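The values are calculated or read from the model by the stated rules, or taken from the named source; none is laboratory data. Everything numeric here is computed off the predicted structure, so don't read it as measured data. Ideal geometry is used to build each Cβ from the backbone, glycine not excepted, and the neighbour counts take in all protein chains shown. Protein only, heavy atoms only, side chains kept; ligands, DNA and RNA dropped before computing areas. Shrake-Rupley method; radii C 1.70, N 1.55, O 1.52, S 1.80 Å.
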Amino acid sequence: MAFTNMDDLRTQRDAALAASDWAVMPDTPMPEERKIVITMYRQQLRDFPATVDLDALSTSSLPQCADPAI
């Protein structure tokens, strides 16, 4: 998934965060270990804009979650 600019990156990152919101809700019937993996993934998404190389936006991609539910 390539990005055209930082706004595009943030839009796609925000969509990925929204798509995983359900998995970290307190009433989600999921083992705590899986919630931890998803929480770590969500932190990677939040941190991603600060770590991306602006010269490589067109070849960058969002972090991937190790949990198959996401």
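Here are the numbers for the structure shown:
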{"quantity": "Flag for THR4 being outside any helix (DSSP H, G or I), without any contact (Cβ under 8 Å) to a residue 12 or more places away in the chain and at negative phi", "calculated": "no"}
{"quantity": "Residues that are assigned to a loop (DSSP other than H, G, I, E, B), open to solvent by 60 Å² or more (accessible area, probe 1.4 Å) and not hydrophobic (A, V, I, L, M, F, W, C), drawn from the stretch 23-60", "calculated": "PRO26, ASP27, PRO29, PRO31, ASP53"}
{"quantity": "Test set (1) surrounded by 15 or more Cβ atoms within 10 Å (Cβ to Cβ); (2) among the small types (Gly, Ala, Ser); (3) within 23 Å of SER58 (Cβ to Cβ) - SER20 fails condition number", "calculated": "(3)"}
{"quantity": "Count of the stretch 27-45 residues which are charged (D, E, K, R) and farther than 30 Å from ASP8 by Cα", "calculated": "3"}
